[in-house]
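See structure below.
The values are calculated or read from the model by the stated rules, or taken from the named source; none is laboratory data. For clarity, every value in this text was computed on a predicted model and none was experimentally measured. Positions of Cβ are backbone-derived with ideal geometry, glycine not excepted, and every protein chain shown enters the neighbour counts. Accessible surface is based on the protein model in full, side chains and every heavy atom, while ligands, DNA and RNA are left aside. Shrake-Rupley method; radii C 1.70, N 1.55, O 1.52, S 1.80 Å.
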Amino acid sequence: MALAGAGHAQTRGQSRDDLLDALTRHIQICGEITDTQQRLSCYDRLQTQVGGVTAPTSAPTPTPLQAAPAPPMQANPPPSMGSSINSAPLSPQPLGVPGGGVATLGGPSPPPPSGTLAPPADPNAAFDPRNSTYRPPEAQGPKPQPQMRRTGQRPIPYSATPQPLVTLGAANLTYGDSRYWQVTVTLTSNTPRGLNTQAECTFMNAGRPVSTDYLGPVFIQPGEQITTELIGPPTTTYIDSTNCKVVSP
């Protein structure tokens, strides 16, 4: 009986050691599991099934990410509903003026852009006399001799870029009561010395020169600005635009 009791005690001690080893191994295996859900489930089995787990053989290989396929190219993309601005350079618009046309400055005489005709109610806006219902009046007044409006000598404003000796401005192509075409011309001196200057304006119909008239020669003081109306041909001539430039100096 003594021998049997000693053997039973030894067997019970070994069982406790084996259970402790199995419990330690179970916890170690659970800690090696990378998946959170499986690791928690492993710990839960400690209460009912100690040792009923196996160690993971290797870490799971992550699935490589694949780039999303590029969308197919459309032969004719739909029109954009946003901005229609493109990279093409914009051509400068001519000076809009009343009276049936435009006034431009210098260079070759450009063809008249679309939309520069006067309202149809103005009979002098016609391009082709053969298609016009307008008939000029029998009596026409004398050609006007407008006076020059002068500012006198003035300080010359500072400019970071080189300026021409004389700057020209032209606008307001129209006609007056005397039935002559006219354009408002402005000459401005940019030099500290007085000089003689002259400008010319070519009155045109559909891009074709009709008449050329001159302002000056006229003496302009340092920094002075001269403004006047340059008179062109009578309204019996059909005019839709004019081109002005400085011819001297």
Solvent-accessible area, 1.4 Å probe, carbon plus sulfur percent, for segment 168-249: 44
Residue 15 accessible area, 1.4 Å probe, all protein chains in place, Å² to nearest 10: 70
Gained length - residue 27 relative to residue 208, 0.36 nm times residue gap less alpha-carbon distance: 55.0 nm
Distance (nanometres) between label positions extended 7 Å along Cα→Cβ at residue 39 and residue 167: 7.8
q = 0.14 Å⁻¹: log10 I(q)/I(0) that the Debye formula gives for segment 136-249, counting C-alpha atoms only: -0.60
Over segment 138-249, relative contact order from alpha-carbon pairs under 8 Å, at least 6 apart, %: 34
DSSP-loop chymotrypsin sites (Phe, Trp or Tyr not before Pro) across segment 145-241, with at most 15 other Cβ within 10 angstrom: 158
Label point distance in nm, residue 47-residue 147, each placed 7 Å from Cα along Cα→Cβ: 11.4
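Can you give the translational diffusion coefficient of segment 185-249 in µm²/s, computed by Stokes-Einstein from the Kirkwood radius over Cα pairs at 25 °C and 0.890 mPa s?
193
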